[in-house]
Amino acid sequence: MDSDPIKSTIYKYNCGSWASLLSGGHATYGGARTYEPYNGKGSGVRGYFDLNNEEIIHGGADHFKHIHTFFADTSLSLAGLRPSDEMAGNNPLTAKVMTDDNVMIVYLANPDNDEPGKANAASANATYTITFPLGTWYLRWFNPQTGAWLDNSEPLITGGESHSGIAPFAQDAVLLATRAE
């Protein structure tokens, strides 16, 4: 495990934010109402940065903006999606899943320790086994550390069975699967 407290804090907030969101919750930090539209007074994702600039809070959740990037880039909403962790092994410490009939969002936490309070993101790439619903699925990878997409990273896959693989970058990862039919 990496003993760097900054890296550990960043991982815990990043992991906690994605895991909460894909469980049907919302991300917030230090009193910033990040689930509300930005109003210049502590609301919205930008409200977090306002509170940092005012030195009310001090870092820790800088990757929240990448959550916004993910949803802005995809034009997706979580409305109508349901938590479906059983599709990725039913271990919420390693993978969180939300899905509907046409979309599947998988967050791979990739912890380096089985104890959540001691875990950081592993330096290796995350591995996964996901059972996709019947149909043909297109996969795209999103790096929650940088906010960058790796497009055309996987060919179309056929659902109805388990697929195993390795995420294309180290630490945590987000996989977006959309129905191709």
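The values are calculated or read from the model by the stated rules, or taken from the named source; none is laboratory data. From a predicted model like this one, the values you see are computed outputs, not experimental measurements. Here Cβ is always computed from backbone atoms with ideal geometry, including for glycine, and neighbour counts include all displayed protein chains.
Quick one: which strands (runs of 3 or more DSSP E) lie wholly within segment 88-179 and hold at least 3 residues that are modelled with pLDDT of 85 or more and hydrophobic (A, V, I, L, M, F, W, C)? Give the derivation first.
On the way: elements: 95-99, 103-108, 125-131, 136-143, 148-150, 162-170, 173-179.
Filter on segment 88-179 gives 95-99, 103-108, 136-143, 148-150, 162-170, 173-179.
Are there any pairs, at least 6 apart or on different chains, whose C-beta atoms fall under 9 Å, with the first in segment 130-151 and farther than 22 Å from residue 14 by Cα and touching a residue at least 24 places away in the same chain (Cβ under 8 Å) and the second part of a strand (DSSP E or B) and among the aromatic types (Phe, Trp, Tyr), and if so, which?
Nothing qualifies.
For residue 80, which of the numbered conditions (1) at pLDDT 75 or above; (2) outside any strand (DSSP E or B); (3) on the phi < 0 side of the Ramachandran plot fails to hold?
(3)
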